[in-house]
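Q: Below: one structure in structure tokens.
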Amino acid sequence: MDYKEALDFIHSTYKFGSKLGLQNITRLTELLGNPQDSYKIIHVAGTNGKGSTSNMIHDVLMASGYKTGLFISPFLEEFTERIQINKIHIDKESLARITSTVKEKIQIMLEEGCNHPTEFEVVTAIGFKYFQEQQIDFLVLEVGLGGRFDATNVVDNTLVSVITSISYDHMEYLGDTLEKIAFEKAGIIKEGSSVVIYPQEENIVSTVKKTADEKHAAVYETDKRNIEKIRGNLTGQWFKYLKTDVFSLPEIKITFLGEHQLYNSLTALRTLEILKIKGYDISEESILKGFGSCRFAGRFEILREAPVIVLDGGHNINGIEYFAKAVKENFKDNKIILFFGMLKDKNPEDVLSFILPLCKEVYTLTPNNPRAMPSEKLAELIKMHSDLKVTPLIDYAQILPAIKEISTDEYVAFVGSLYMIGDVRTLLKNSGIIKQSN
């Protein structure tokens with residue numbers, strides 16, 4: 001099959017839904033020769049911050065000279081983003097060839113009486129096989145949903161499990177309390193491994209530690225007091241990492257904005273400390289280089305400065321809260337012109353109290369997803385909670401004339417579902433409103 005046929009096959013498996021459980025992925029990877037056993041793995045679970053933390057760890061390992069894979073979801077603009085090695089996306093020929101192999105193995109599974117793998121299971125298997133073929137040293141592996149029964153949890157060869165910020169999301173699958181959700185995320189912890197926990201509420205930390213204790217895993221907590229912000233502007237933040245006896249680091253710069261990104265950095269640094277203690281070659285220079293060059297599109301990403309245009313994939317209440325804090329910190333008292341779109345199952349009504357007070361005007365959009373809240377419905381919801389001018393946009397093409405009417409001293413934010421953010425980013429690049437290099 002060619003690249004288009006491969007994508008058509010992968011996306012056709014969406015109809016098999018999202019089934020938590022390891023039986024299917026276990027059989028599929030067995031038929032592929034268990035490629036996930038071929039490299040060392042840093043496994044990252046959490047509600048928010050998985051992508052940023054994973055990218056930071058990946059970029060430092062790459063700067064340290066290791067051939068490093070990165071598996072993330074969802075993609076923002078192009079499917080191949082999901083499977084990367086040293087910042088280079090899987091090539092389309094390899095994706096097509098491996099997808100064909102995976103399809104053959106699925107046929108064997110069906111003949112054995114197994115259920116058809118879900119889309120995420122198929123993509124996970126493709127990634128594992130590609131990373132094996134490319135003989136990577138490390139894989140930074142981002143969980144798709146939850147942890148305990150997520151397809152990525154078929155791995156055994158885990159050096160460090162990382163638990164990022166946990167909040168309410170996917171409650172129909174993971175439970176209706178933070179403790180239940182934390183328990184599912186902690187399911188990635190392996191016997192005798194190491195665990196790093198993002199600084200958060202004690203009830204979450206204690207739940208993760210309970211699972212770690214049962215698995216005889218060493219727990220490494222993080223402490224917000226161990227990071228000190230020095231300064232920041234629209235290009236990034238500078239901070240000091242305090243109280244470390246592993247690295248002797250000067251001031252560190254990251255390109256990410258927002259207080260939460262400091263704590264994601266802290267979590268990534270703690271993980272890198274563990275790898276250093278385990279004997280891997282990670283230097284202060286590689287940390288500075290990796291952190292300084294790390295980019296992650298669509299996460300409070302400044303695309304332009306006159307007017308300021310920011311993209312942020314804050315798609316749940318915790319993500320929107322982080323976005324609101326970053327706006328207050330970086331835009332001061334300037335009100336934003338908001339372009340907003342969310343999925344119905346992300347409870348849009350719950351986030352409005354965080355975001356609407358920051359706005360002077362709102363445009364609503366419909367994300368390209370079957371679960372999207374239509375722009376007209378979202379506009380009606382906002383009008384019930386605010387006196388702001390709200391304009392529902394029927395088509396993404398209406399964004400361009402709206403942007404061109406905005407004066408250069410304004411602050412514009414596209415916020416919400418990553419399914420929307422990716423499409424908007426492509427639109428703005430293709431229109432010339434932002435530079436292609438972004």
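The numbers here are math on the coordinates, done by the rules we state, and not lab data. Quantities reported herein were computed from a predicted structural model and do not represent experimental measurements. When we count neighbours, we look across all protein chains shown, and the Cβ atoms used for this are built from the backbone with ideal geometry, even at glycine.
Q: With the radius of gyration and the Kirkwood radius both derived from the Cα set of the chain, what is their ratio Rg to Rh? Don't jump to the answer; show the numbers that get you there.
A: On the way: Rg = 21.4 Å, Rh = 22.4 Å.
Rg/Rh for the chain comes to 0.95.
Q: Which of K224/K289; K40/K429; K103/K185; K105/K377; K103/K180; K129/K243 have a Cα-Cα distance over 32 Å?
A: K40/K429; K105/K377; K103/K180; K129/K243
Q: OK, next. Counting DSSP beta bridges in the stretch 114-239, what percent are antiparallel, to the nearest 5?
A: Beta bridges within the stretch 114-239, antiparallel portion: roughly 35 percent.
Q: Mind ordering 252-258, 241-247, 150-156 by average Cβ neighbours within 10 Å, highest first? Present the calculation step by step, with values, prior to reporting the outcome.
A: On the way: 252-258: 20.9, 241-247: 12.7, 150-156: 23.6.
Order by mean packing, descending: 150-156, 252-258, 241-247.
Q: Here is a follow-up. Between L257, L427, A96, whose Cα lies farthest towards the positive end of the dipole of the chain when Lys and Arg beta carbons carry +1 and Asp and Glu beta carbons carry -1, centred on the Cα centre?
A: Most positive-ward Cα: L257.
Q: Would you calculate the convex hull of the Cα atoms in the stretch 149-261 and tell me its volume per residue in Å³?
A: With only Cα atoms used, the stretch 149-261 gives 134 Å³ per residue.
Q: So if we plug the beta-carbon distance of E5 and I406 into 1/(1 + (r/R0)^6) with R0 = 35 Å, what FRET efficiency do we get, rounded to 0.05?
A: For R0 = 35 Å, the calculated efficiency reads 0.25.
Q: A follow-up question, please. Could you order peptides 315-323, 265-273 by the average number of other Cβ atoms within 10 Å of their residues, highest first? Intermediate results must be reported in sequence, preceding the final value.
A: On the way: 315-323: 22.7, 265-273: 25.1.
Answer by packing, highest mean first, reads 265-273, 315-323.
Q: When we measure straight from the Cα of K328, which aspartates and glutamates land under 13 angstrom away, once same-chain ones fewer than 8 places off are left out?
A: Partners found: E259.
Q: Once the other residues with Cβ under 9 Å from the Cβ of R371 are scored (Lys, Arg +1; Asp, Glu -1), what is the net sum?
A: Taking every Cβ under 9 Å from that of R371, the sum is +1.
Q: While we're looking at this one, here's another question. Just rank I433, I189, I282, fewest to most, by other beta-carbon atoms within 10 angstrom.
A: I433, I282, I189
Q: Something else: By per-residue mean of other Cβ atoms within 10 Å, what is the highest-first order of 367-378, 59-70?
A: Descending packing order for the listed peptides: 59-70, 367-378.
Q: Taking H as built 1.01 Å from N, whose amide H comes closer than 5 Å to the amide H of I336, not counting residues under 5 places away?
A: Correct list: C359, K360.
Q: With the cut-off at 19 Å, report for the stretch 334-420 the share of all Cα pairs above it, as a whole percent. Write down the numbers at each step before the final one.
A: Values: 1178 of 3741 pairs.
Of all Cα-Cα pairs in the stretch 334-420, 31 percent lie more than 19 Å apart.
Q: Would you list C294, C114, C359 from fewest to most Cβ contacts within 10 Å?
A: In increasing order of surrounding Cβ atoms, one gets C114, C359, C294.
Q: Express the relative contact order of the chain as a whole percentage, based on alpha carbon pairs under 8 Å and six or more residues apart in sequence.
A: It rounds to 15 percent for the chain.
Q: Helix check for the chain. Which DSSP H runs span at least 27 Å along their own axis by Cα, with a mean Kyte-Doolittle hydropathy no less than 0.0?
A: Span-like helices, by this rule, are 259-277.
Q: Next question, about the same structure. Within 10 Å of each residue's Cβ, count the other Cβ atoms and sort F138, F16 from fewest upward.
A: On the way: F138 23, F16 16.
Going from least to most buried by this count: F16, F138.
Q: Related question: Counting other Cβ atoms within 10 Å of each Cβ, which GluC sites (Glu not before Pro) in the stretch 43-127 have at most 16 and sit in a DSSP loop?
A: Of the GluC sites (Glu not before Pro), the ones in loops of the stretch 43-127 whose Cβ has at most 16 other Cβ atoms within 10 Å are E77, E78, E112.
Q: So for the stretch 200-347, taking the charge dipole from beta-carbon charges (+1 Lys/Arg, -1 Asp/Glu), which of G313, G292, N334 sits furthest toward the positive end?
A: Positive-end residue among those listed: N334.
Q: Would you mind computing, in nm to one decimal, how far apart the modelled labels at T255 and Y280 are, each placed 7 Å from Cα along Cα→Cβ?
A: 2.2 nm
Q: Further, regarding this structure: In the stretch 320-438, what % of DSSP beta bridges are antiparallel (nearest 5)?
A: Details: 1 of 15 bridges.
Beta bridges within the stretch 320-438, antiparallel portion: roughly 5 percent.
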